[in-house]
Amino acid sequence: MFEGSSVALITPFKEDGSIDASKLCELVEYQIAHKTSAIVPCGTTGESATLNHKEHGQVIEIVVKQARKRISVLAGTGSNSTQEAIELTQHAKEVGADGALVIVPYYNKPTQQGMLAHFIAVAKEVALPIVIYNIPSRTGCNLLPVTLRKILDQRENIVGIKESSGSMDQISEIAMNLNGKKDFTILSGDDSLTLPIFSVGGKGVISVLANILPQEAAALCSAALNGNFQLAQQLHWKMLPLIKALFIETNPGPIKTAMELLGICSSRMRLPMAAMEPENRKRLYLELKNYGLNLKINL
């Protein structure tokens, strides 16, 4: 499940700081029109950490309703509380999401045994396809390949992992440990590593870049899935300078700024996320321009 390019969707905000439901619907339509495989609301890029529970549920419901089963919705439902993760995942199932993206518990810094018990508990309580999200830079702990294998041996509804460890050695080990398991998908959590991860057995990406270049991100994944690595490599090289600029500051600051510069939506974020530093904004602007995108705001 969830092969190809899935977008880690931003959450648009109005001037008063509330969720811009109308713009959110527009963004869903934009992704559907440009070949994205799935939409992932309420992830890191969607600023889930600053959404209250009501808003979290609202965003997922809006996306599911607007998608109308024309595109899969993989809802972000993770938490550093296992019970809370269960409740958020259950809600996603009730409103019609196709799966849940569940992050490794953050801040608590659980042991490998704690992470094992966490994911088994969520998967046992909610009969929904689950993708684990491993991002040590945000959570403070790393889900090891041996622990992932133990989880998969116990719960069949865990269908994939979004790997943002940045370690190709670890991702390679995960692929080797699968032992030909066909119903499990390794997804890149870093746009710059999408192609390298395909080379060791990955099947897609949950992409920040796809917020502004959905068709191009999808084309890279399609080429790699079809074995056309020459084309995939050309696309990778072309997009790489822009990808680097999109992570010059903490995500989602640069991608939201890029979307504003392109006239897609406002760059508004919730504190403690703040506007980009002027020199970094200028670098991002130049990379968008160098890529050939139609900028609506001039610096």
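The values are calculated or read from the model by the stated rules, or taken from the named source; none is laboratory data. If you're wondering where the values come from, they're calculated on a predicted model, not measured in any experiment. In this analysis, Cβ positions are derived from the backbone assuming ideal geometry, glycine residues included, and neighbour counts consider all displayed protein chains.
In this structure, PHE247 qualifies as under 27 Å from GLU3 (Cα atoms), within 22 Å of the chain's Cα centre (by Cα) and of a type in the set (Phe, Trp, Tyr).
When the test is whether a residue is under 17 Å from the mean Cα position of the chain (by Cα), crowded, with 16+ Cβ neighbours inside 10 Å, closer than 20 Å to THR77 by Cα and of a type outside the set (Asp, Glu), THR36 does not pass it. Hey, does segment 57-80 have a residue that's β-branched (Val, Ile, Thr), touching a Pro at 6+ places or on another chain (Cβ under 9 Å) and in contact (Cβ under 8 Å) with a residue 60 or more places away in the chain? Looking through segment 57-80, none of the residues is β-branched (Val, Ile, Thr), touching a Pro at 6+ places or on another chain (Cβ under 9 Å) and in contact (Cβ under 8 Å) with a residue 60 or more places away in the chain. Elements of the type helices (runs of 4 or more DSSP H) sitting completely within segment 186-296 and holding at least 1 residues that are under 21 Å from GLU15 (Cα atoms), without any contact (Cβ under 8 Å) to a residue 40 or more places away in the chain and not aliphatic (A, V, I, L, M): these cover 253-261, 278-291. Only one residue in ALA121, ALA85 is at negative phi, over 20 Å from the mean Cα position of the chain (by Cα) and of a type in the set (A, V, I, L, M, F, W, C). Which one? When all the criteria are applied, what remains is ALA121. Candidates LEU143, LEU116, LEU101: the one that is touching a residue at least 12 places away in the same chain (Cβ under 8 Å), out of contact with any Phe, Trp or Tyr (no Cβ under 7 Å at 6 or more places or on another chain) and outside any helix (DSSP H, G or I) is LEU143.
Pick from segment 141-157 the residues that are farther than 23 Å from ALA38 by Cβ and surrounded by 15 or more Cβ atoms within 10 Å (Cβ to Cβ): which of them is farthest from the chain's Cα centre (by Cα)? So the residue we want is LYS150. Of the set (1) among the basic types (Lys, Arg); (2) within 24 Å of SER48 (Cβ to Cβ); (3) in contact with a helix residue (DSSP H, G or I) (Cβ under 7 Å, 6 or more places away or on another chain), all apply to ARG283 but (2). Put simply, of ALA232, ALA258 the only residue that is crowded, with 20+ Cβ neighbours inside 10 Å and farther than 27 Å from LEU24 by Cα is ALA232.
If the condition is being under 15 Å from the mean Cα position of the chain (by Cα) and within 17 Å of ILE120 (Cβ to Cβ), then segment 45-82 contributes THR77, GLY78.
The set of residues in segment 272-289 being surrounded by 11 or more Cβ atoms within 10 Å (Cβ to Cβ), more than 12 Å from LEU261 (Cβ to Cβ) and more than 25 Å from the chain's Cα centre (by Cα) is empty. For segment 201-212, a residue qualifies if it is surrounded by fewer than 24 Cβ atoms within 10 Å (Cβ to Cβ) and at pLDDT 95 or above, and the qualifying residues are LYS203, ILE212.
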